[in-house]
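A short worksheet on the structure shown next.
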Amino acid sequence: MIELQPFTIDDAHTLISKIKDEKMLLQFAGPKYHFPFTEDQLLGDLSDENRTLFKIVELASQRTIGHAQIFLKEKTFLLGRILIWDENNRGKGYGKKVMQELLKYGFGHFNRDLAELNVYDWNTGAIECYKKVGFTIDPDIENEVQIDGETWVSINMKIHKSAFELQELNHFTSM
């Protein structure tokens, strides 16, 4: 269905072209980036040894359909900047598969027992996707940002390596 491939600066133009406005950039990347989105902002991520950037490639067509990152923290790794850019590709299981692949990569490459992510509380489709993979909401971590007179609340979700491995095992044995 999909494959995570290394994201390079050569992929930047495609990603940048998909970010249409300030709200979309905030939803995609959080408050670190500023609109208009530029290659220089991506170069910062590419040069950060604690970040791993991916393009999401649909295997049947070999088309790039999205972007994702892993950010290595002291005790966890953070999944973020996840975007399936064509709305026609949403609701088809790509998001769940991307999350599973990111978790396999993260737990396989980093000595961490916990993965986390942040998502805006109004993004119910993404929250449901993350729950299907096994993420749970951490009620103790919440942040707010302001955009165009609106307050967006960011919630934190976590998954332990053991819970992910158990879910993967259950999925494999039910096939």
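Taking the stretch 1-78, which trypsin sites (Lys or Arg not before Pro) meet the DSSP loop condition and have no more than 10 other C-beta atoms within 10 Å?
Lys75
First check a/c for the stretch 81-161, with a ≥ b ≥ c the square roots of the eigenvalues of its C-alpha gyration tensor; if it is under 1.5, answer rounded, and if not, answer prolate when a/b is larger than b/c or oblate otherwise.
Oblate shape, in that a/c is at least 1.5 and b/c is the bigger or equal ratio.
Output the pairs from Lys75/Lys132; Lys97/Lys132; Lys104/Lys161; Lys131/Lys158; Lys104/Lys131; Lys92/Lys131 with a Cα-Cα distance over 18 Å in this structure; if there are none, say none.
Lys75/Lys132, as the Cα separations exceed 18 Å there.
Treat each spin label as a single point 7 Å out from the Cα along the C-beta direction, and report the His109 to Asp48 distance in nm.
Here the answer is 1.5 nm between the modelled labels.
In the stretch 35-106, what GluC sites (Glu not before Pro) fall in a loop by DSSP, with at most 11 other Cβ atoms inside 10 Å?
When the GluC sites (Glu not before Pro) of the stretch 35-106 are filtered for loop state and at most 11 Cβ neighbours within 10 Å, Glu49, Glu74 remain.
Of all beta bridges DSSP finds with both residues in the chain, what is the antiparallel percent, to the nearest 5?
If I count the DSSP bridges inside the chain, around 90 percent turn out antiparallel.
Kindly provide the helix-only [θ] at 222 nm of the chain, computed as the sum of -39,500 (n - 2.57) over DSSP H runs of four or more divided by all residues, to the nearest 500 deg cm²/dmol?
After summing the helix terms and dividing by the residues of the chain, the value is -10500 deg cm²/dmol.
Chymotrypsin sites (Phe, Trp or Tyr not before Pro) within the stretch 22-67: which are DSSP loop residues with at most 11 other Cβ atoms inside 10 Å?
Answer in residue order: no site qualifies.
Where a number appears in this text, it was derived from the coordinates with a stated rule and is not lab data. All values derive from a computational prediction rather than experimental measurement. Every residue, glycine among them, receives a Cβ derived from its backbone with ideal geometry; neighbour counts consider all protein chains shown.
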